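Heads up: the structure comes next, in structure tokens.
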Protein chains: 2
Amino acid sequence: MAGKKLDEERQLFYEYLRQNGLKKTRQKDLILETFVNNEGHLSVEDIYALVKKRDKRVGIVTVFRTLKSLTACGIAKEIALGDGLTRFEHCYHHPVHHHIICTTCHQVSEFVSPELERVQESIVTQYDFKPIHQRIQIYGMCHDCRAEQPRADGPSPDTGKVFARDALRMALAMLNQGIDFYRTAAVRNQDPTGREIFELLAGEEESHARLLEKELELLHQKERALREAPVFLHFEPRDLQRLIPSLHAGVASGGLCLDARSAVETAMQIEERAAGFFLEYAERFAETEGKQIFLRFVEHARNHHAAMLRRAQAVISAGA
Amino acid sequence: MAGKKLDEERQLFYEYLRQNGLKKTRQKDLILETFVNNEGHLSVEDIYALVKKRDKRVGIVTVFRTLKSLTACGIAKEIALGDGLTRFEHCYHHPVHHHIICTTCHQVSEFVSPELERVQESIVTQYDFKPIHQRIQIYGMCHDCRAEQPRADGPSPDTGKVFARDALRMALAMLNQGIDFYRTAAVRNQDPTGREIFELLAGEEESHARLLEKELELLHQKERALREAPVFLHFEPRDLQRLIPSLHAGVASGGLCLDARSAVETAMQIEERAAGFFLEYAERFAETEGKQIFLRFVEHARNHHAAMLRRAQAVISAGA
DNA sequence: CTTTATGCAAAAAGTTTGCAATAAA
DNA sequence: TTTATTGCAAACTTTTTGCATAAAG
């Protein structure tokens with residue numbers, strides 16, 4: 001299970017060595033293995049200490065040099081967390097993220113926020129500046145330190161899994177907003193066929209939601225620590241709400257009345273917008289399970305969209 | 001002119017020395033003066049070199065120690081810009097800002113973005129984390145380096161002035177949106193008294209806008225480099241637009257019709273919202289000319305609000 | 001048997017500390 | 001006259017480099 005990740009990164013490393021005429025050695029292997037098997041933000045000294053435990057004969061210079069290579073081939077990434085040490089974090093198949101650093105207990109939390117990225121992009125555009133990488137770090141005091149509680153230091157789960165969990169949560173939030181809309185639209189609609197269609201759609205979305213919930217539950221069971229793990233992917237529900245037409249206008253003008261055709265069209269528009277939004281969203285991320293979840297959601301929405309198109313054609317020909 | 005800033009910071013420094021039982025010296029004075037008179041992000045070595053030019057007898061250790069003191073009393077602030085050197089920037093009466101760093105020419109631009117801050121706050125809230133300071137840095141390639149032009153290195157104006165310029169621009173953007181609204185509302189309104197009131201309001205806002213424009217022009221004349229200086233305060237016009245009620249609903253329902261009373265109420269609501277928004281906005285910033293501009297705008301909006309309240313009472317009693 | 005890798009020691013680079021001489025208060 | 005300050009040299013920390021030896025291909 002855990003060895004799979006190691007194998008993949010080892011392959012990547014070997015490929016890098018081969019392409020640069022470098023040689024495989026016992027030391028490089030050991031350093032790679034130590035780095036890959038230790039989540040967190042380790043300094044050279046940290047890694048050196050871990051390596052030394054397994055093989056006394058390794059020198060710190062080799063650790064420096066090997067970490068440079070691991071950085072060059074995209075397995076590791078140098079970061080500075082304000083304590084004057086260069087630290088290394090995992091980079092392979094990890095989304096670009098930022099850091100929240102407690103200056104009391106030195107705990108470091110990671111987060112992703114496409115919303116933050118969006119604002120940054122708009123700023124950078126004004127300068128006609130081409131960003132290559134960025135550093136966002138928030139220093140302060142964490143909840144546990146303020147409560148003067150020793151931090152509950154359970155084994156923190158793999159970032160990839162946390163991201164997958166949050167992607168599922170986000171997809172579910174989208175589905176639930178859709179379901180809400182369809183249910184409300186059904187109740188409010190005065191055209192019986194329109195009402196029926198909205199109810200059908202709500203049912204379909206609900207069954208999809210149940211599927212995702214099951215997947216989330218499975219993930220939680222596989223990785224018990226996931227339930228405690230803090231949010232990694234931040235999203236604002238109101239950004240999802242924007243994808244769904246408001247029912248207020250309909251209410252103000254005294255009740256919605258969409259016939260079968262308009263109902264299907266409305267639904268198609270929702271699915272289309274959601275697909276577009278999540279596709280653009282997914283593309284911001286490196287290859288991860290979370291990204292796959294978003295892409296699967298896009299596919300689902302597109303299939304739904306296509307199915308409705310067929311249904312609409314049936315409705316139209318029946319009406320004609 | 002420039003000496004005023006130096007004097008203020010010297011007072012602050014002396015006060016700090018006094019309170020900590022420390023002594024004034026020729027060296028400390030010289031280092032303070034050198035730091036204050038040099039905008040930019042200078043390293044210890046940079047400042048040491050500048051100080052040496054004026055007094056050969058100063059040692060680099062004293063520069064290290066004095067910069068520590070200047071940091072402790074809020075005149076300087078340590079920053080790391082990714083080149084391994086500790087640099088110092090001006091902190092006294094400078095708003096909290098972030099950095100865009102060109103990795104080719106090493107030019108550093110500063111910016112402020114309350115929008116970015118807002119997203120950060122919402123993230124931090126989820127962690128129940130108390131932020132103390134943050135670091136946002138965007139590394140990449142600037143426009144000039146991509147165009148392979150040697151950077152036009154004019155004298156960069158004081159950050160405080162650039163911030164003031166941008167605050168004026170933002171206030172003007174708000175005023176212009178208000179004017180647009182009042183003008184459109186006047187044209188669309190079918191009630192003659194309502195129309196008249198909107199036109200009056202538009203006129204008042206326009207004369208205020210002309211005042212701010214004159215102020216902006218004056219600022220530009222005093223500080224010639226200001227015209228070239230890049231944007232420092234980023235704001236999204238759509239955030240201002242949100243403060244003004246949409247006219248679309250009115251259009252859809254076939255023409256707006258606000259009587260005198262509703263017209264005044266609408267205007268009062270706009271002024272109130274604008275005052276609230278800019279007050280909250282201003283409070284995010286340290287003591288600066290820009291902040292004062294925002295606060296003056298708040299006062300203007302409040303006065304306007306109060307004047308309308310009086311007018312509304314007049315209208316009501318006239319109508320009664 | 002050629003070429004790269006390793007580990008040691010030494011150097012570099014940035015910053016801090018100990019200390020005797022010096023200058024404020 | 002007391003107390004903090006200064007500047008030098010030395011120490012310290014993190015990272016890099018030179019080089020002879022060892023290991024990989």
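Of a type in the set (K, R), in a helix (DSSP H, G or I), modelled with pLDDT under 95 and in contact with a strand residue (DSSP E or B) (Cβ under 9 Å, 6 or more places away or on another chain) - does that describe any residue in region B:153-175?
no
Do you know which of the residues in region B:31-70 that are farther than 27 Å from B:H98 by Cβ and β-branched (V, I, T) is surrounded by the most Cβ atoms within 10 Å (Cβ to Cβ)?
B:V51
Out of (1) surrounded by 23 or more Cβ atoms within 10 Å (Cβ to Cβ); (2) under 27 Å from the mean Cα position of the chain (by Cα), the odd one out for A:A185 is which?
Tallying (1) surrounded by 23 or more Cβ atoms within 10 Å (Cβ to Cβ); (2) under 27 Å from the mean Cα position of the chain (by Cα), A:A185 fails exactly one: (2).
Looking only at region B:100-114, count every residue that is closer than 20 Å to B:L226 by Cβ and more than 7 Å from chain A (Cβ to nearest Cβ) and tell me the total.
Here the count works out to 4.
Report whether or not A:K4 is basic (K, R) and at pLDDT 95 or above.
Details: basic (K, R): yes; at pLDDT 95 or above: no.
Against the criterion (basic (K, R) and at pLDDT 95 or above), A:K4 does not qualify.
Just one of B:A260, B:A301, B:A286, B:A252 is closer than 30 Å to B:R165 by Cα and modelled with pLDDT under 95; which is it?
Of B:A260, B:A301, B:A286, B:A252, the one residue that is closer than 30 Å to B:R165 by Cα and modelled with pLDDT under 95 is B:A286.
Criterion first (more than 16 Å from DNA strand C (Cβ to nearest atom), in contact with a Ser or Thr (Cβ under 7 Å, 6 or more places away or on another chain) and within 14 Å of chain B (Cβ to nearest Cβ)) does A:I79 satisfy it?
Answer is no for this residue.
All but one of (1) aromatic (F, W, Y); (2) within 29 Å of B:F235 (Cβ to Cβ); (3) surrounded by fewer than 17 Cβ atoms within 10 Å (Cβ to Cβ) hold for B:F111; state the number of the condition that does not hold.
Here B:F111 meets the rest and fails (3).
Filtering region A:71-98 down to residues that are within 16 Å of DNA strand D (Cβ to nearest atom), assigned to a strand (DSSP E or B) and of a type outside the set (S, T, Y), which residue is surrounded by the fewest Cβ atoms within 10 Å (Cβ to Cβ)? Talk me through it step by step, then tell me what you get.
Step one: filter region A:71-98 for residues within 16 Å of DNA strand D (Cβ to nearest atom), giving A:71-73, A:76-89.
Those still in the list that are assigned to a strand (DSSP E or B) too: A:76-80, A:86-89.
Checking which are of a type outside the set (S, T, Y) leaves us with A:76-80, A:87-89.
Values: A:A76: 25, A:K77: 16, A:E78: 13, A:I79: 16, A:A80: 15, A:R87: 20, A:F88: 22, A:E89: 20.
Here the residue is A:E78.
Return the residues of region B:121-143 that are touching a Cys at 6+ places or on another chain (Cβ under 7 Å), under 30 Å from B:R227 (Cα atoms) and not in a strand (DSSP E or B); say none if nothing qualifies.
The one that is touching a Cys at 6+ places or on another chain (Cβ under 7 Å), under 30 Å from B:R227 (Cα atoms) and not in a strand (DSSP E or B): B:C142.
Please work out which residue is farthest from DNA strand D (Cβ to nearest atom), limiting yourself to region A:22-70 and to residues that are polar (S, T, N, Q) and assigned to a helix (DSSP H, G or I).
Initial filter on region A:22-70 (polar (S, T, N, Q)): A:25, A:27, A:34, A:37-38, A:43, A:62, A:66, A:69.
Of the ones still in play, those that are also assigned to a helix (DSSP H, G or I) are A:27, A:34, A:62, A:66, A:69.
Numbers: A:Q27: 9, A:T34: 16, A:T62: 9, A:T66: 11, A:S69: 12 Å.
For region A:22-70, the residue satisfying everything is A:T34.
Which pairs do you get when a residue that is in the same structural domain as B:D29 (by TED's automatic domain parsing) and without any contact (Cβ under 8 Å) to a residue 40 or more places away in the chain, found in region B:52-66, comes within reach of a residue that is of a type in the set (F, W, Y) and assigned to a helix (DSSP H, G or I), reach meaning Cβ atoms under 8 angstrom, with the pair 6+ apart or on two chains?
B:V58/B:Y48; B:I60/B:Y48; B:V63/B:Y48
Identify the single condition in (1) more than 15 Å from DNA strand C (Cβ to nearest atom); (2) in a strand (DSSP E or B) that B:R118 does not satisfy, given that it satisfies every other one.
Just one mismatch for B:R118, condition (2).
Scan region A:18-50 residue by residue and report those that are touching a Leu at 6+ places or on another chain (Cβ under 6 Å) and of a type in the set (S, T, Y).
Correct list: A:T34, A:S43.
More than 10 Å from DNA strand C (Cβ to nearest atom) and not polar (S, T, N, Q), is that true of A:L22?
For A:L22, the condition - more than 10 Å from DNA strand C (Cβ to nearest atom) and not polar (S, T, N, Q) - is not met.
Any residue at all in region A:204-213 that's surrounded by 22 or more Cβ atoms within 10 Å (Cβ to Cβ) and in a helix (DSSP H, G or I)?
Yes, because at least one residue in region A:204-213 is surrounded by 22 or more Cβ atoms within 10 Å (Cβ to Cβ) and in a helix (DSSP H, G or I).
Can you name the residue in region A:115-167 that is acidic (D, E) and at the interface with chain B (Cβ under 7 Å from one of its Cβ atoms) and, of all such residues, is surrounded by the fewest Cβ atoms within 10 Å (Cβ to Cβ)?
Step one: list which residues in region A:115-167 are acidic (D, E), which gives A:115, A:117, A:121, A:128, A:144, A:148, A:153, A:158, A:166.
Now drop any that are not at the interface with chain B (Cβ under 7 Å from one of its Cβ atoms), which leaves A:115, A:128.
Numbers: A:E115: 18, A:D128: 12.
Looking at residues that are acidic (D, E) and at the interface with chain B (Cβ under 7 Å from one of its Cβ atoms), I get A:D128.
For A:L243, are the conditions met, namely being in a helix (DSSP H, G or I) and modelled with pLDDT of 90 or more? Even if it seems obvious, please write down each step before you answer.
Numbers: in a helix (DSSP H, G or I): no; modelled with pLDDT of 90 or more: yes.
It is false that A:L243 is in a helix (DSSP H, G or I) and modelled with pLDDT of 90 or more.
The values are calculated or read from the model by the stated rules, or taken from the named source; none is laboratory data. Nothing here was measured: the structure is a model prediction, and the numbers come from that model. Neighbour counts run over all protein chains shown; Cβ positions are idealised from the backbone, glycine included.
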